[in-house]
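Enquirer: Here you go, one structure.
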Ligand code: ATP
Ligand code: MG
């Protein structure tokens with residue numbers, strides 16, 4: 001591919017400061033750009049890529065760029081195309097997984113994979129593991145499927161196969177390693193490749209086939225990696241392996257934004273880089289172009305409290321801008337209303353602003369619930385990045401399933417869902433029998449179960465297990481009868497055994513906490529729905545509050561198709577990495593919520609929480625709002641979140657402006673429902 005003459009280098013070097021320019025135009029060689037948020041790291045990487053092609057004559061085919069998310073990869077490819085006026089089809093720009101997968105697809109046979117090998121998403125991986133455990137008579141009490149899935153992913157991220165693991169004395173470790181072997185064999189037989197496997201297998205394939213590796217070495221002249229601080233062991237080795245002796249590597253990253261330590265990322269990779277890659281030119285960028293001075297300085301002050309840093313300070317030429325707005329209130333609903341009011345004001349001030357300019361960030365997934373409700377009430381389009389909408393999350397849908405079934409035993413979809421939540425020994429074959437009977441006699445699944453048992457058409461084992469299931473639902477339903485919605489939700493979550501099930505089956509502490517929080521938030525949301533129902537007389541005709549609630553969540557779930565136009569972004573702080581928005585809200589700034597209560601006692605984990613705050617604050621370009629709700633305990637929440645987050649307190653008061661509430665909830669009524677009856 002030839003580069004058109006209409007482009008001279010000036011289009012690639014325009015809009016870069018001196019240091020950025022030096023990094024972009026440097027003679028080909030290894031470079032480590034280590035710099036704070038918004039200092040133009042990603043910009044430098046993109047311009048470097050273009051410059052290598054245009055100025056140094058690299059073919060697009062010879063370059064590879066790696067980023068953290070597909071979205072970032074798309075943006076990057078778009079920018080390069082724009083800068084050079086070329087098509088980017090030939091560029092290898094993608095995520096680690098995406099690029100490694102591409103290599104496996106090309107040479108599947110060398111990787112000992114079938115041509116049509118299938119990628120196994122984490123949900124399916126867990127299912128496969130559960131089935132395999134059954135076949136091999138493993139006790140789920142000793143190791144849950146999720147726990148094993150997480151453990152296997154983790155060791156794969158460390159580049160380890162069963163034979164690389166120390167057996168040790170612990171029987172638990174032996175069991176895990178044995179199972180890892182069984183699982184790998186199963187996947188191999190069935191042509192399945194899980195996420196962790198993609199990179200590991202690609203790495204092995206390259207190691208085992210010198211010719212292939214040499215091809216790639218001949219091919220790639222330069223490799224560029226964004227968000228380098230969050231790479232894990234296997235990713236680092238993969239990059240090293242792909243770098244031939246003539247190729248060079250540019251990595252860009254920020255140790256202050258390393259937020260995936262809990263998932264195996266190694267900040268040490270930044271520190272090792274200069275040793276592993278010869279003659280590395282280290283570039284430091286110190287000017288921030290993203291945020292106003294107030295936002296940037298506040299973020300700098302907060303991160304200064306971490307004393308494990310490589311150390312750097314960012315400065316800006318930007319004006320002070322607005323102070324950071326801090327809003328304190330009682331409940332998450334107040335926070336959500338504040339967000340909605342403020343973002344509407346902000347949009348009204350300037351007609352060029354759109355919903356896309358706005359992001360609302362939070363520490364834990366469950367916190368999206370109140371925000372979603374408030375945004376929906378005002379018909380504001382929103383999208384949840386990196387996660388499902390609240391009422392679509394597995395455990396929440398499970399709870400709704402129980403509710404539906406308790407409300408109407410003939411609801412087949414709910415029957416299907418609930419019978420499959422926990423292992424009951426009623427497998428697909430048995431469920432097929434029930435369905436068959438239902439179809440033949442034109443009955444609901446519930447009726448078919450009852451009649452089938454009565455008529456003696458099911459085998460004994462199924463009869464006893466099915467009876468148990470029907471009894472369980474009857475029991476839950478009878479406890480729900482005539483109760484408040486809040487109590488119904490509580491029954492469907494706790495007395496149904498749903499909460500226990502999720503707590504027992506999920507061994508990963510973070511994920512378990514997410515499920516617990518979502519289920520508790522679900523109960524709380526029912527209390528709030530009921531309070532509003534009574535207050536605003538939402539009741540349509542004779543519909544009960546339960547029916548109205550079920551309708552509203554089903555309608556909400558059906559709404560996902562939209563999102564064609566601009567939408568407000570809702571996401572966790574983790575998902576916000578690398579992005580920027582003119583207006584940013586961070587809700588739930590309370591001790592216990594953020595920093596997360598699981599990470600309060602360990603200084604290392606607290607440092608990671610603080611880096612997360614730093615990432616969050618530095619997403620904002622023009623305005624940053626921090627909100628906290630001190631009575632927002634959730635009535636069954638054991639965590640004390642009554643104090644404002646240390647990350648707010650660490651911001652000097654000169655940068656802050658305290659906001660007054662404009663509309664607040666009907667306290668008396670609200671408290672009664674939201675905090676337990
Ligand atoms: P993060 O650490 O959050 O990933 P980053 O260091 O990658 O941030 P970029 O996203 O590349 O930073 O840049 C931040 C913002 O500053 C972008 O809007 C970018 O266009 C702008 N920017 C970067 N360098 C310059 C410059 N020299 N002149 C003007 N704007 C710049
Ligand atoms: Mg970046």
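The values are calculated or read from the model by the stated rules, or taken from the named source; none is laboratory data. Please read these numbers as outputs of a predicted model, since none were measured by experiment. Note: ideal-geometry Cβ built from the backbone for every residue, glycine included; neighbour counts use all protein chains shown.
Enquirer: Within the stretch 273-293, which residues are closer than 30 Å to residue 625 by Cβ and either in contact with a strand residue (DSSP E or B) (Cβ under 6 Å, 6 or more places away or on another chain) or outside any helix (DSSP H, G or I) (or both)? I'd like the intermediate steps shown before the answer.
Expert: If we filter the stretch 273-293 for residues that are closer than 30 Å to residue 625 by Cβ, which is where we start, we get 285-293.
Residues satisfying the conditions are 285, 286, 287, 288, 289, 290, 291, 292.
Enquirer: Another one. Taking helices (runs of 4 or more DSSP H) that fall entirely within the stretch 25-121, which contain at least 3 residues that are more than 16 Å from ligand 2 (Cβ to nearest atom) and in contact with a helix residue (DSSP H, G or I) (Cβ under 8 Å, 6 or more places away or on another chain)?
Expert: Ranges flagged: 41-54, 96-106.
Enquirer: Anything in the stretch 571-583 that is within 15 Å of ligand 1 (Cβ to nearest atom) and within 18 Å of the chain's Cα centre (by Cα)? List them, or say none. Steps first, please.
Expert: Narrowing the stretch 571-583 to residues within 15 Å of ligand 1 (Cβ to nearest atom): 571, 573-583.
Answer for the stretch 571-583, where residues must be within 15 Å of ligand 1 (Cβ to nearest atom) and within 18 Å of the chain's Cα centre (by Cα): 571, 573, 574, 575, 576, 577, 578, 579, 580.
Enquirer: Does residue 332 satisfy the criteria of being modelled with pLDDT under 90 and within 24 Å of residue 386 (Cβ to Cβ)?
Expert: Details: modelled with pLDDT under 90: yes; within 24 Å of residue 386 (Cβ to Cβ): yes.
So residue 332 fits the description; yes.
Enquirer: Scan the stretch 572-610 for residues that are in contact with a strand residue (DSSP E or B) (Cβ under 9 Å, 6 or more places away or on another chain), more than 15 Å from residue 625 (Cα to Cα) and within 16 Å of ligand 2 (Cβ to nearest atom) and report the count.
Expert: Here the count works out to 4.
Enquirer: Limited to the stretch 280-292, what total is found for residues that are closer than 16 Å to residue 224 by Cα and more than 12 Å from ligand 1 (Cβ to nearest atom)? Can you show your working first?
Expert: Within the stretch 280-292, the subset closer than 16 Å to residue 224 by Cα is 280-283.
With more than 12 Å from ligand 1 (Cβ to nearest atom) added as a condition, the list becomes 280-282.
So the answer is 3.
Enquirer: Taking the stretch 239-262, which residues are away from ligand 2 (no atom under 16 Å from the Cβ) and more than 24 Å from the chain's Cα centre (by Cα)?
Expert: Hits for the stretch 239-262 are 239, 240, 241, 242, 243, 244, 245, 246, 247, 248, 249.
Enquirer: Which residue pairs have Cβ atoms closer than 7 Å, lie 6 or more positions apart in sequence or on different chains, and pair a first residue in the stretch 70-86 that is within 18 Å of residue 96 (Cα to Cα) with a second residue that is in a loop (DSSP other than H, G, I, E, B) and away from ligand 2 (no atom under 15 Å from the Cβ)?
Expert: Sorted first by the residue in the stretch 70-86, then by its partner, the pairs are 77/88; 77/91.
Enquirer: With over 22 Å from residue 258 (Cα atoms), touching a residue at least 24 places away in the same chain (Cβ under 8 Å) and either more than 15 Å from ligand 1 (Cβ to nearest atom) or buried (at least 24 other Cβ atoms within 10 Å of the Cβ) (or both) as the only criterion, which of 66, 46, 24 stands out?
Expert: Only one candidate qualifies: 24.
Enquirer: Restricted to the stretch 270-292, and to residues that are under 22 Å from residue 304 (Cα atoms) and more than 13 Å from ligand 2 (Cβ to nearest atom), which residue is modelled with the lowest pLDDT?
Expert: 271
Enquirer: If a residue must be touching a helix residue (DSSP H, G or I) at 6+ places or on another chain (Cβ under 8 Å), without any contact (Cβ under 8 Å) to a residue 24 or more places away in the chain and loosely packed, with under 15 Cβ neighbours inside 10 Å, how many such residues does the stretch 413-434 contain?
Expert: Summing the residues that are touching a helix residue (DSSP H, G or I) at 6+ places or on another chain (Cβ under 8 Å), without any contact (Cβ under 8 Å) to a residue 24 or more places away in the chain and loosely packed, with under 15 Cβ neighbours inside 10 Å in the stretch 413-434 gives 1.
Enquirer: Sticking with this one: List the number of the failed condition for residue 104; all other conditions in (1) over 26 Å from the mean Cα position of the chain (by Cα); (2) away from ligand 1 (no atom under 12 Å from the Cβ) hold.
Expert: (1)
Enquirer: Only one residue in 270, 259 is within 14 Å of ligand 1 (Cβ to nearest atom), surrounded by 15 or more Cβ atoms within 10 Å (Cβ to Cβ) and part of a loop (DSSP other than H, G, I, E, B). Which one? So that I can check it myself, show each step before the final result.
Expert: Working: 270 fails: part of a loop (DSSP other than H, G, I, E, B).
Sole residue among the options that is within 14 Å of ligand 1 (Cβ to nearest atom), surrounded by 15 or more Cβ atoms within 10 Å (Cβ to Cβ) and part of a loop (DSSP other than H, G, I, E, B): 259.
Enquirer: For the stretch 388-411, indicate whether the set of residues that are assigned to a helix (DSSP H, G or I), within 39 Å of the chain's Cα centre (by Cα) and surrounded by fewer than 16 Cβ atoms within 10 Å (Cβ to Cβ) is non-empty.
Expert: Taking the stretch 388-411 as the starting set, the residues that turn out to be assigned to a helix (DSSP H, G or I) are 390-392, 394-407.
If we keep only those that are within 39 Å of the chain's Cα centre (by Cα) too, we end up with 390-392, 394-407.
Still in the list and also surrounded by fewer than 16 Cβ atoms within 10 Å (Cβ to Cβ): 392, 394.
Yes, the conditions are met somewhere in the stretch 388-411.
Enquirer: Here are the criteria: (1) in a loop (DSSP other than H, G, I, E, B); (2) touching a residue at least 40 places away in the same chain (Cβ under 8 Å); (3) more than 22 Å from the chain's Cα centre (by Cα); (4) surrounded by fewer than 17 Cβ atoms within 10 Å (Cβ to Cβ). Tell me which single one residue 351 does not satisfy.
Expert: The single condition residue 351 does not satisfy is (2).
Enquirer: Another one. When the residues of the stretch 223-256 are narrowed to those that are assigned to a loop (DSSP other than H, G, I, E, B), within 16 Å of ligand 1 (Cβ to nearest atom) and modelled with pLDDT under 95, which ends up farthest from residue 603 (Cα to Cα)?
Expert: Keep residues of the stretch 223-256 that are assigned to a loop (DSSP other than H, G, I, E, B), which gives 226-227, 231, 243-247, 254.
So of that shortlist, the ones also within 16 Å of ligand 1 (Cβ to nearest atom) come out as 226-227, 231, 254.
In the following step, the residues that additionally are modelled with pLDDT under 95 were identified as 227, 231, 254.
Working: 227: 24, 231: 22, 254: 20 Å.
My answer is 227.
Table: residues versus (1) farther than 30 Å from residue 356 by Cβ; (2) in contact with a helix residue (DSSP H, G or I) (Cβ under 6 Å, 6 or more places away or on another chain); (3) modelled with pLDDT of 95 or more; (4) surrounded by fewer than 16 Cβ atoms within 10 Å (Cβ to Cβ).
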| residue | (1), (2), (3), (4) |
| --- | --- |
| 616 | no, no, yes, no |
| 620 | no, yes, yes, no |
| 634 | yes, yes, no, no |
| 639 | yes, yes, no, no |
| 668 | yes, no, no, yes |
| 672 | yes, no, no, yes |
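Enquirer: If you check every pair at least six apart or on different chains, which have Cβ atoms under 8 Å apart with a residue in the stretch 212-237 that is farther than 15 Å from residue 48 by Cβ and within 16 Å of ligand 2 (Cβ to nearest atom) first and a residue that is assigned to a helix (DSSP H, G or I) and at pLDDT 95 or above second?
Expert: Cβ pairs passing all conditions: 231/239.
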